[in-house]
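These notes concern the structure reproduced below.
Each reported figure results from applying straightforward, stated rules to the coordinates on display, with no laboratory input. Keep in mind it's a predicted model, so treat the numbers as computed, not measured. Because the Cβ atoms are built from the backbone with ideal geometry, glycine has one as well, and the counts that use them run over all protein chains shown.
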Amino acid sequence: MYEREIFRDLLERLRAAGELDDVRDPVDSRHIATLVDQADKALLFHRVVGYDIPVVSGLIRSSRRVAIGMGVERYADIEEKLTRAITTPIPPVYVETSATREITHVGDNVDLFNLPVPMSSILDGGPVITAGVTIVRDGDGLNAGIYRFLLKEKNLTGIDIVTPNNLRAIAQRAYAEGRPLPVSISIGTHLFEFMAAGYRAPMGVDEICIAGGLRGAPVPLSMCETIDVPYIAGAEIVLEAEILPTGWTWPEGRFGEFTRLMGGLHWNPLVRIKAISHRRDPIYYALHMPWEVTWLMIPTRWSQLRSAFKAAGVQVKDINVTLGGAGSWHVVISIRKQSGEGKNALMAALSVGDIKHAVVVDDDIDVYNGLDVEWAIATRVQGDRDVFVIPGARAKPLDPSLPVVPAGVGPTGAKVGIDATIPEGIPRERYERIAYAYADRAKYGSYKLDEKAVRAGDRKPTEKEVAELAARILELIAEKPLYYAEVIDAFSDAPQQAITRAFGKLHADEKLWQDPQGRMCVRGSRFAAVLPARG
Ligand SMILES: Cc1cc2nc3c(=O)[nH]c(=O)nc-3n(C[C@H](O)[C@H](O)[C@H](O)COP(=O)(O)O)c2cc1C
């Protein structure tokens, strides 16, 4: 069904679902970011003043839009789809050419300033290309990722690769050998390619094959004209470029980050753009920071976490990589726990990429309900036993809370695990939740007592009736201790006042006691609880 899916189909799908608005009035490209931020839909600006190319933004700024783009019912379904794509990748197919090549500018004709790249936030270093699926050769395969390119000259940009990812490692090799590194940058691809590129695959794993797995069909690629690297055939716009062997020496940014914060000044390499190709009527995709990154990243973390739990042999129910944790740093996991597995689950979770804080709960806790999770932490955790800190782990340079390190030094930071599962060796009744008596029978909205019950309940019981009832209650609990509600249930014909009076009589006659669970029993019987000795 998706084998022919291209960027335009994604726009059409969002439009049909009422998730994309067409803005036909003229817009100043400087105003686009804030307009998108205020809108509850993705926006397609058809008339951008000074440019021939429309701009679309906010395409995946909600879980619903990502689900629509990925062709699944619910956002949560992406996990299965992505996991399947990772385990059964499909290699790409090479096509001779594509609509992306309808117009090509090479050499001196390259002019990035013809592209309507919007500015974003007030501390930015300039307009930034945010949605380019960047392909580079890596051995026999390809490596794909998404990186920001800040416009500098009409054929020169920077590339933000401060994070220790695969492209950075590949670019470092090229730099050490003093050679430029050819890359293609496909802007306006389907979400399948975008999701796969955003997936942090291990070195040597070809993300284009994962994109094929997501499509269920090979990704069509076509060769660039000026470099020996393919681009995604059918993309709206493609830049053919080389990362220059300048090293991480050029100041760049600042950039708005997925953390919802402004990053500091970065030092990055330069990128020469050798050719620009595009459709006859291209649409420029301006990815809006930070939510379009966050919603895209979360499912990729699910897949990584799930395989770590599998390797650790932990039975996981649900995983919530939280929005508040910037879709990268916090995870709440519910497990079907066996002894000690709270800690094992945490070690597995903290081994995954950038996960910094992990909370593990039992499977009776809803990981998507912050109240529930906090309640588990409040009622199941002892800080000295259930919270552990691993100092000196690899950290993400974008974490603003890390100490300042010299340029070029990878920062390290702490990882924290909180085991909020019910601890081993604690009596289970400490975790019995309040469950209201008669919840199964008395329903608000349809509640009505029958006349007979009302009349019986209104009549004052005689002393004789109370004494008889007390004797029957005593007989019952002599056999087996019962909770108060169970006694009431056993005498369901007796009105409540008769029962409370019967219990009152048993108390007064000093016949009543309770067992260690709080059930009613006969005083002095073998069931009766004994007052613990005072220390
Ligand atoms: C919209 C978007 C923008 C991104 N920008 C950058 C960036 O500027 N620099 C960076 O290092 N990673 C960026 N990332 C994250 C990388 O694309 C991601 O970690 C990817 O898996 C890296 O692939 P690699 O390890 O193959 O290089 C961005 C992700 C998204 C979704």
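Points to keep in mind about this one:
- Among the residues of segment 178-192, not one is within 12 Å of the ligand (Cβ to nearest atom) and either in contact with a Lys or Arg (Cβ under 8 Å, 6 or more places away or on another chain) or without any contact (Cβ under 8 Å) to a residue 40 or more places away in the chain (or both).
- Residues in segment 420-443 that are of a type in the set (Lys, Arg) and exposed (fewer than 10 other Cβ atoms within 10 Å of the Cβ): Arg428, Arg433, Arg441.
- Screening the candidates Arg65, Arg8 for the property of being within 23 Å of the chain's Cα centre (by Cα), closer than 21 Å to Glu236 by Cβ and part of a helix (DSSP H, G or I) yields one hit, Arg65.
- Condition met for Val205 (away from the ligand (no atom under 11 Å from the Cβ) and either buried (at least 23 other Cβ atoms within 10 Å of the Cβ) or not basic (Lys, Arg) (or both)): no
- Within segment 194-202, one or more residues are touching a residue at least 60 places away in the same chain (Cβ under 8 Å), more than 15 Å from Val136 (Cβ to Cβ), in a loop (DSSP other than H, G, I, E, B) and within 14 Å of the ligand (Cβ to nearest atom).
One line per residue, one yes/no per condition, for (1) more than 16 Å from the ligand (Cβ to nearest atom); (2) over 30 Å from Ile243 (Cα atoms); (3) crowded, with 19+ Cβ neighbours inside 10 Å; (4) touching a residue at least 40 places away in the same chain (Cβ under 8 Å):
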site: Ile273; (1), (2), (3), (4): yes, no, yes, yes
site: Ser277; (1), (2), (3), (4): yes, no, yes, yes
site: Ile283; (1), (2), (3), (4): yes, no, yes, yes
site: Ala286; (1), (2), (3), (4): no, no, yes, yes
site: Trp295; (1), (2), (3), (4): no, no, yes, yes
site: Gln304; (1), (2), (3), (4): no, no, yes, yes
site: Val316; (1), (2), (3), (4): yes, yes, yes, no
site: Leu323; (1), (2), (3), (4): no, yes, no, no
site: Ile333; (1), (2), (3), (4): yes, yes, yes, no
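- Of the residues making up segment 136-177, those that are under 19 Å from Thr249 (Cα atoms), within 28 Å of the chain's Cα centre (by Cα) and in contact (Cβ under 8 Å) with a residue 40 or more places away in the chain are Arg148, Phe149, Leu150, Ile159, Asp160, Ile161, Val162, Thr163, Pro164.
- Elements of type helices (runs of 4 or more DSSP H) contained in segment 378-496, each with 1 or more residues being touching a residue at least 12 places away in the same chain (Cβ under 8 Å) and within 30 Å of Ile333 (Cβ to Cβ): 383-386
- Check on Pro54, within 16 Å of the ligand (Cβ to nearest atom) and buried (at least 17 other Cβ atoms within 10 Å of the Cβ): no
- Matching residues, segment 510-530, being in contact (Cβ under 8 Å) with a residue 24 or more places away in the chain and in a loop (DSSP other than H, G, I, E, B): Lys511, Asp515, Gln517, Gly518, Arg519, Ser525, Phe527
- Residue count for segment 13-32, restricted to those that are under 15 Å from Ile68 (Cα atoms) and surrounded by fewer than 16 Cβ atoms within 10 Å (Cβ to Cβ): 4
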